[in-house]
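The next block holds one structure in the form of structure tokens; read it before the comments.
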Amino acid sequence: MGTQAAISARGVTKSFGRLQVLDNLDLDIPSGVTYCLLGPNGSGKTTFIRAIVRLLRLDGGEMKVLGRPVSEVNEIYSQIGYMTQHKALYPDLTVQENMEFYAGLYGLAKQKRVERIEELLRMVDLLEHRGRLAGALSGGMYQRLSLACTLIHEPELLLLDEPTVGVDPRLRQTFWDYFDRLAGEGKTVLITTHIMDEAEKCQRVGYMRAGRMAAQGSPEEILRLAGLKPVLRLWLAEPEKDAALLRAEGYEIDIDDGVVQVRLESHALIKEILAAVSPLDMRLAEPRLEEAFLRLSEAA
Ligand SMILES: Nc1ncnc2c1ncn2[C@@H]1O[C@H](COP(=O)(O)OP(=O)(O)O)[C@@H](O)[C@H]1O
Ligand SMILES: [Mg+2]
């Protein structure tokens with residue numbers, strides 16, 4: 001696991017003609033975590049991933065990948081698994097044959113190969129479809145096979161560009177459990193997505209906007225950065241009276257349609273609030289990352 005960053009980028013820039021896609025980007029991805037790179041379409045996520053594996057050259061800045069300068073990244077390709085946003089499998093090979101091909105490419109020994117293929121096809125729920133042609137798979141199945149192929153050589157660093165597009169929620173959960181397991185083993189999993197719920201599942205999140213990092217940290221840190229707090233909603237017999245009482249104690253209160261809402265600095269305060277008032281009913285609303293990013297991108 002170690003303290004070394006899996007990826008560190010400092011002042012990274014890239015333009016296509018007059019379009020600046022990466023704009024003095026700083027980004028650190030510690031090793032042994034699941035890291036979610038979020039951002040609207042065109043914000044530069046794919047460009048950044050392509051720069052990591054040097055499919056494109058940066059105009060400026062510094063980047064290190066698994067401790068090596070990015071100019072030497074080709075020497076550590078065997079430690080990297082990259083799943084692109086585009087179709088990268090052989091359409092006229094079967095599911096099994098595609099897996100065999102990737103296993104062969106990375107020189108997996110026969111016994112290991114059989115085990116790995118079995119394990120991964122089970123994980124992505126394609127065991128029963130191993131004889132189907134890749135070109136005849138549905139979008140979601142194709143995506144699952146791509147992921148399985150990307151994982152075949154047990155890479156230290158996984159770069160997954162929108163891996164869950166078209167994958168159903170149940171299987172998506174399986175993917176996430178697997179990613180967590182890999183991170184637990186010290187591997188680094190970088191995922192791009194535009195699905196906020198998925199970002200909440202990552203240990204760290206970075207929000208990219210117009211080629212820069214608008215915010216990065218753990219989901220909790222990002223919520224704090226955006227100034228979002230949990231809200232306790234209280235249904236009270238005498239809302240005005242109790243609201244005044246709580247205000248006098250220094251709480252930040254709103255009344256919405258007769259429901260008293262308290263913005264909580266910490267969850268521990270719930271106990272104190274309940275010592276002061278006796279609600280008929282109550283509900284706790286946790287802040288969502290989506291709202292945090294909206295706020296942060298408005299502020300940027
Ligand atoms: N090879 C290229 N040539 C010209 N423009 C490009 C190229 N690759 C990406 N772009 C442009 O760079 C911007 C960022 O693209 P991309 O990194 O794919 O964003 P994201 O993955 O966040 O959607 C887009 O405006 C895209 O059109
Ligand atoms: Mg992209």
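The values are calculated or read from the model by the stated rules, or taken from the named source; none is laboratory data. In this text, all values refer to a predicted model and were calculated from it rather than measured experimentally. Note that each Cβ is placed from the backbone with ideal geometry, even for glycine, and that neighbours are counted across all protein chains shown. Only protein heavy atoms, including side chains, enter the accessible area calculation; ligands, DNA and RNA are left aside. Shrake-Rupley method; radii C 1.70, N 1.55, O 1.52, S 1.80 Å.
Take the solvent-accessible surface of the protein heavy atoms, probe 1.4 Å, and return the percent of it on segment 231-288 that carbon and sulfur atoms account for.
On the way: 1810 of 3640 Å².
Using a 1.4 Å probe with all protein chains present, segment 231-288 comes out at 50 percent carbon and sulfur.
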Whole Å is fine, so just give me how far the alpha carbon centre of segment 125-156 lies from that of segment 267-300.
42 Å
Expected output is a single nm value to one decimal: the length gained when fully extending between residue 276 and residue 244, i.e. 0.36 nm times separation in residues minus the C-alpha distance. What is it?
10.4 nm
Peptides 291-297, 278-284: what's the order by average Cβ count within 10 Å, highest mean first?
291-297, 278-284
Over 24 Å (Cα to Cα) among 45/187; 201/229; 14/201; 229/271; 64/187 -> 14/201
To the nearest 500 deg cm²/dmol, what mean residue ellipticity at 222 nm is calculated for the chain from DSSP H runs of n ≥ 4 alone, each contributing -39,500 (n - 2.57), summed and divided by the residues?
-10500 deg cm²/dmol
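If N is the number of residues in segment 1-123, what value comes out of its Cα radius of gyration divided by 2.2 N^0.38 Å? Could the numbers behind the result be given before it?
Details: Rg = 17.0 Å, N = 123, 2.2 N^0.38 = 13.7 Å.
My calculation over the Cα atoms of segment 1-123 gives 1.24.
How much length would be gained if the chain were fully extended between residue 254 and residue 10, taking 0.36 nm per residue of separation minus their Cα-Cα distance, in nm to one decimal? Provide the component values of the computation, followed by the final result.
On the way: separation 244, 0.36 × 244 = 87.84 nm, distance 4.31 nm.
The span from residue 254 to residue 10 would gain 83.5 nm if fully extended.
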Rounded to the nearest 0.05, what FRET efficiency is calculated for residue 283 and residue 181 with R0 set to 51 Å and r the Cβ-Cβ distance?
0.90
For segment 174-232, divide the Cα radius of gyration by the Kirkwood radius and give the resulting Rg/Rh value with two decimals.
1.01
Size-normalised alpha-carbon gyration radius of segment 70-226, reference 2.2 N^0.38 Å
1.09
Per-q log10 I(q)/I(0), segment 119-182, q = 0.16, 0.26 Å⁻¹ (Debye; single scatterer per alpha-carbon; no solvent):
-0.49, -1.32
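Viscosity 0.890 mPa s, temperature 25 °C: what is the translational diffusion coefficient of segment 138-285 from Stokes-Einstein with a Kirkwood Rh over Cα pairs, rounded to a whole number of µm²/s?
Details: Rh = 18.7 Å.
In µm²/s, the coefficient rounds to 131.
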Run the simple label-point estimate for residue 93 and residue 132 please: 7 Å along Cα→C-beta, distance reported in nm.
1.8 nm
Please work out the FRET efficiency for the pair residue 291 and residue 194, using the Cβ-Cβ distance as r and a Förster radius of 25 Å; give the result to the nearest 0.05.
0.95
Between the modelled labels at residue 78 and residue 106 (7 Å from Cα along Cα→Cβ) the distance in nm is 1.1 nm
If I fit a long axis through the Cα atoms of helix 139-151 and take the longest principal axis of the Cα atoms of the chain, what angle between them do I get, 0 to 90°, rounded to 10?
70 degrees
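Report the trypsin sites (Lys or Arg not before Pro) located in segment 1-71 that are in a DSSP loop and have at most 15 other Cβ atoms inside 10 Å of their Cβ, or state none. Let's see the in-between values first.
Values: sites: 10, 14, 18, 45, 50, 54, 57, 64; in loops: 18, 54, 57.
Passing sites in segment 1-71 are 18, 57.
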Say the dipole of the chain comes from +1 at the beta carbon of Lys and Arg and -1 at that of Asp and Glu; which of 274, 169, 106 then lies farthest toward its positive end?
106
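Please report the projected area of segment 231-288's Cα convex hull averaged over all directions, in nm². Please report the intermediate quantities before stating the final value.
Numbers: hull surface 14.8 nm².
For the Cα atoms of segment 231-288, the hull's average projected area reads 3.7 nm².
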Residue of 223, 55, 27 that the Gaussian network model of the chain assigns the largest fluctuation, springs spanning Cα pairs under 10 Å:
55
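Using the Cα atoms as the points, what is the convex hull volume per residue of the chain in Å³? Before the final figure, lay out the partial values.
Details: hull volume 51.0 nm³, N = 300.
With only Cα atoms used, the chain gives 170 Å³ per residue.
Using a 1.4 angstrom probe on heavy atoms only, work out the carbon and sulfur share of the accessible area of segment 51-130 in %. Present the calculation step by step, with values, prior to reporting the outcome.
On the way: 2200 of 4530 Å².
Answer for segment 51-130 is 49 percent, counting heavy atoms of protein chains only.
Accessible area per residue for the chain in Å², computed with a 1.4 Å probe and the full protein assembly in place, what is it? Mind dumping the intermediate values first?
On the way: 14850 Å² over 300 residues.
That works out to 50 Å² per residue.
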